[in-house]
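Single-structure report; data block below.
Quick note: the coordinates plus some simple rules give every number you see, no bench work behind them. Everything quoted here is computed from the prediction, not taken from an experiment. Glycine gets a Cβ as well: all are built from the backbone with ideal geometry, and neighbour counts include every protein chain shown.
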Amino acid sequence: MKFSNFYLLDNSLVKNKVSLIRDKNCSVSQFRNLVKDLSIFLCYEACKDLKLEVSKIETPLEETDGFSFGPICFVAVLRAGLGMVPGALECVPDASVGNIGMFRNEETLRPVRYYCNLPKNISKGHVFILDPMLATGGSICDAIDVVKEHNVTDVTCLCLISAPEGIKKVNEKHPDVKIYSASLDRELNSKGYIMPGLGDAGDRIFGTL
């Protein structure tokens, strides 16, 4: 199955950590640490194509080229996306962080927005949307809509686990948006949960099972 702008991390270490995080016996502390680790890997991979500016710097021995990139904002989809922020900031400590709050209507499976707090200069740089589970695609598409309403033109999604249905929806609604994921899972069940998945990422991150 092929998707546009979908990038799966093909790495043995990533596969191992995804296996560990799926385990229902994984403790809350272990789960949080694994989310952080996988978020670092996703951010590292997704940053490989950032546009760089070249300037001159002085080493202790001579002048050479130095490289920098523009502003970056991580936008966490609440609440589960908060678990990915520490790992993302390990990669880009100077990044700003925004939050978009949504919950899923369990009858319609559609996202309901209840909170939005984004940096004022968000349109000036690259935005990475953090959402551990790309399931139906409703929440992440709504988050993309929100940041685009703020004149953002450069958007990438970082997800731990993705379902084909969600990727397809993002491709259809936002063909310009890239998705980086640690796993491509089989399908959604009748309740909209990813199979085999890892359960509810928010509950497992915050210990509210």
*Among the helices of the chain (complete DSSP H runs), which have Cα atoms covering no less than 30 Å along the helix axis and a Kyte-Doolittle mean of at least 1.6?*
none
*Near LYS148, within a Cβ-to-Cβ distance under 13 Å, what is the net charge of the other residues, with Lys and Arg +1 and Asp and Glu -1?*
-4
*asked:* Sequence gap at least 6, Cα distance under 8 Å: using those rules, report the relative contact order of the chain to the nearest whole percent.
replied: 24 percent
*Grab the DSSP H runs of the chain that are 4 residues or longer, score each as -39,500 (n - 2.57), total them, divide by all residues and round the 222 nm result to the nearest 500 deg cm²/dmol.*
-9500 deg cm²/dmol
_Qualifying trypsin sites (Lys or Arg not before Pro) in the range 116-169, DSSP loop, other Cβ atoms within 10 Å at most 16_ = LYS120
*List the residues of the range 104-132 whose backbone N lies under 15 Å from a point placed 7 Å from the Cα of THR153 along the Cα-to-Cβ direction.*
122-127
*Near ILE100, within a Cβ-to-Cβ distance under 14 Å, what is the net charge of the other residues, with Lys and Arg +1 and Asp and Glu -1?*
0
*Cβ-defined net charge surrounding LYS56, 10 Å radius [Lys, Arg +1; Asp, Glu -1]*: -3
*Check the cysteines of the chain one by one and keep only those with no other cysteine Cβ under 4.7 Å from their own.*
CYS26, CYS47, CYS73, CYS116, CYS141, CYS157, CYS159
*Return the whole-Å distance between the Cα centroid of the range 29-97 and the Cα centroid of the range 116-158.*
16 Å
*asked:* For a Förster distance of 22 Å, can you work out the FRET efficiency between the beta-carbons of GLU90 and LYS2, rounded to the nearest 0.05?
replied: 0.10
